[in-house]
């Protein structure tokens, strides 16, 4: 859907919300906003769709309720401001900038509309779930951090530029802050899969080797934990271009978790997870059994800290890691007592990762699901 | 100079270092490496060139010295490994990856070549200063984080791609990990200046407004403190294209400091500072006097913390802030008692920053030097 159509749709939803409140006021009723609850208790792992989802518990927010009046006021302020910015087709801003626009002392009172961003951020999420739209569609954009390269061209629908990721040099293409279909249109791609790597240094070596050209893929790094736009971009490539997604991380609890966030999202952003998940993503490494199979030298082992062990045990209890293959993997990692960074594979040869390890694990489907 | 020429030159320097050590051994002398001292005591602010520089104090590192033998061994290991990678024209790697390549248990001993990266990183810097080359030229690349857009095209000399920063969409071009002239060649630019902004959110609004098109400039953000490649890129644009550099930061001690690092570098990377500084960069805001002049609303003020005050007083004592205009500015900031983020300017209007504030301060040369 085009940006202007999406925009019109969202403005309509926000208008309806306002009209409903207006009617209630005219009928001398207590104005009330109903929205899905976003607390952890209403987030769950949907075992069928393999995604973290928001449940169907609802909450109401009333004006004539001393405990809710402030939040009610803040919700209407944010919804009205977003509507205004969309109507005027303003540039997208950050959630912090929205906070600055709305922060002021209320006329006649000593109270501020918002004291700090911790007050406005959750309300923005409330508005997102209330009208079933992502904040990017509301004109709010986060700071992106990843880069990607390979067999994909996209058109930036706001500027009209076509970005050919085969021609982005050693830098790669910057992942845009907003990767929604209304502003980013994929062109035909001959890619056969998406390779997501945790570390920039790993991406940098593979990109210099033109791994994506030889293996016909799209090569992406979120530079550590993938933030919103990296996750959403991977999800779109997976769903719209039907590309398998392979995730290559460190062999440690953080690597496992980074993979799981690309795959099924996270509990505390459950609403976003439904839209940014990639349920068929595969974890291609590093895995415990790679240590023996690829003779990873002992000098690359790093002893697990207490914190690592604690995290491994926590992860083992997550519902989305309950499959036998993952339970075995995590137990083996605990018993092994060491972690290994994906960077370390260069100690075999710099090309080992791109010429031997990755082609082999992908060809052999030697992955965890 | 082309990459292959730079490479040949560096290989030659490393070879000479090895040959010198070999000669000393053959003459039964104690092998010795001489290099500039990199401690803070040998870094200074060059008031004439307005740059932080490394002084001319030297140190020697000897093999037959119990206190230096380990570091001597590590220095030769790193120098030899870098030479080998350059000779084989391998992809650039990270300093962590170099550590992994070199870490091993020494044959016949229980000792490792390196225990952790804290041991290898300083030695890499030693090798850099010893042969007067940046680590990027040695095939070691950091993780970049900034983006830029505007009136510049560059050629990536490793891939042959031409990146036209006027056509990079809302994402902008990713700043490459390595921006040395041997791998990144600027094409002709009609830009009149470089605008460096601290915050991505500020860059994002200005880029969507095509500020760079209207005001004929290059628009860059380092996303907070500029890392190596952002600083080096700004410095090259300044020196090679003779473009004035304007830096736009938060009105707080961190904003002042971010500007100063673009301008004259930092003490703890003094060797890099000489090559990445931008002595004529101007600080265009936010400044204390903007508060009144542009009627920045009080709701945008954030009270200075103890930490902020301490930092302001520290900065006031830095030699490169000793000019009267800076002493006055910092004192006014202390007396004012508040800080203001550059993001906050959207609270006037979203376009205020790009249409009013920045054009005015640049036109009026309302900056600090």
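FYI, it's all coordinate maths here, none of it is from the lab. None of these values were measured; they are calculated from a predicted model. Note that each Cβ is placed from the backbone with ideal geometry, even for glycine, and that neighbours are counted across all protein chains shown.
Mean residue ellipticity at 222 nm, helices only, chain B: -12000 deg cm²/dmol; runs of at least 4 DSSP H residues each add -39,500 (n - 2.57), and the sum is divided by the number of residues. Relative contact order of segment B:147-363: 18 percent, from C-alpha pairs under 8 Å at least 6 residues apart in sequence. Say R0 is 25 Å: what FRET efficiency, to the nearest 0.05, do residue B:314 and residue B:289 get from their beta-carbon distance? It comes to 0.65. Put simply, when A:217-228, A:104-115 are sorted by average Cβ atoms within 10 angstrom per residue, most first, you get A:217-228, A:104-115.
Per residue of A:145-154, count partner chain C-beta atoms within 10 Å of its C-beta, then hand back the mean as an integer.
Numbers: counts 6, 1, 9, 1, 2, 0, 0, 0, 0, 2.
Counting Cβ atoms of other protein chains within 10 Å of each residue's Cβ and averaging gives 2.
The separation of segment B:251-317 from segment A:6-57, counted between C-alpha centres, amounts to 43 Å. Per residue, the average separation of C-alpha pairs within less than 8 Å and at least 6 apart gives chain B a relative contact order of 15 percent. Using a Gaussian network for chain A with springs between C-alpha atoms less than 10 Å apart, which of these wobbles most: A:161, A:252, A:289? Of the options given, A:161 has the highest mean-square fluctuation. Among B:284, B:33, B:258, the largest mean-square fluctuation in a Gaussian network model of chain B, built with springs joining Cα atoms closer than 10 Å, belongs to B:33. Comment: the Cα-to-Cβ extended label point of residue B:129, at 7 Å, lies 5.5 nm from its counterparts in the other copies, nearest first.
Sorted from nearest, the other copies put their residue B:310 label points 2.6 nm away, the label point being 7 Å from Cα in the direction of Cβ. What sits nearest the axis between copies B and A, counting only chain B Cβ atoms, is the residue and whole-Å distance B:174, 2.
Looking only at other chains, what is the average number of their beta-carbon atoms within 10 angstrom of each beta-carbon in A:347-354?
Details: counts 8, 2, 3, 9, 2, 0, 0, 1.
Average neighbour count from other chains, rounded to a whole number: 3.
Relative to the first principal axis of the alpha-carbon coordinates of chain A, what is the inclination of helix A:228-240, with its axis defined by its Cα atoms, in degrees from 0 to 90 and to the nearest 10? That helix lies at roughly 70 degrees to the long axis. Considering only alpha-carbon pairs that sit under 8 angstrom and 6 or more positions apart, the relative contact order computed for segment A:3-138 is 25 percent.
Between the helical axis of B:306-317 and the longest alpha-carbon principal axis of chain B there is an angle of about 70 degrees. Of the peptides B:333-342, A:3-12, the order by per-residue mean of other Cβ atoms within 10 Å, starting with the highest, comes out as B:333-342, A:3-12. Each other copy holds its own label point for residue A:328; taking that point as 7 Å from Cα along Cα to Cβ, the gaps run 7.5 nm, nearest first.
Stick to Cα atoms and the Kirkwood definition of Rh, then tell me Rg/Rh for segment B:105-182. Walk me through the numbers before you get to the answer.
Details: Rg = 18.4 Å, Rh = 15.6 Å.
Using Cα coordinates only, the ratio equals 1.18.
Using a/c under 1.5 as the rounded threshold, could you call segment B:3-138 rounded, prolate or oblate? The axes a ≥ b ≥ c are square roots of the C-alpha gyration tensor eigenvalues, and prolate needs a/b larger than b/c, oblate otherwise. Rounded, because the longest to shortest axis ratio a/c is under 1.5. The angle between the Cα long axis of helix B:69-87 and the longest principal axis of the Cα atoms of chain B comes to about 80 degrees, rounded to the nearest 10.
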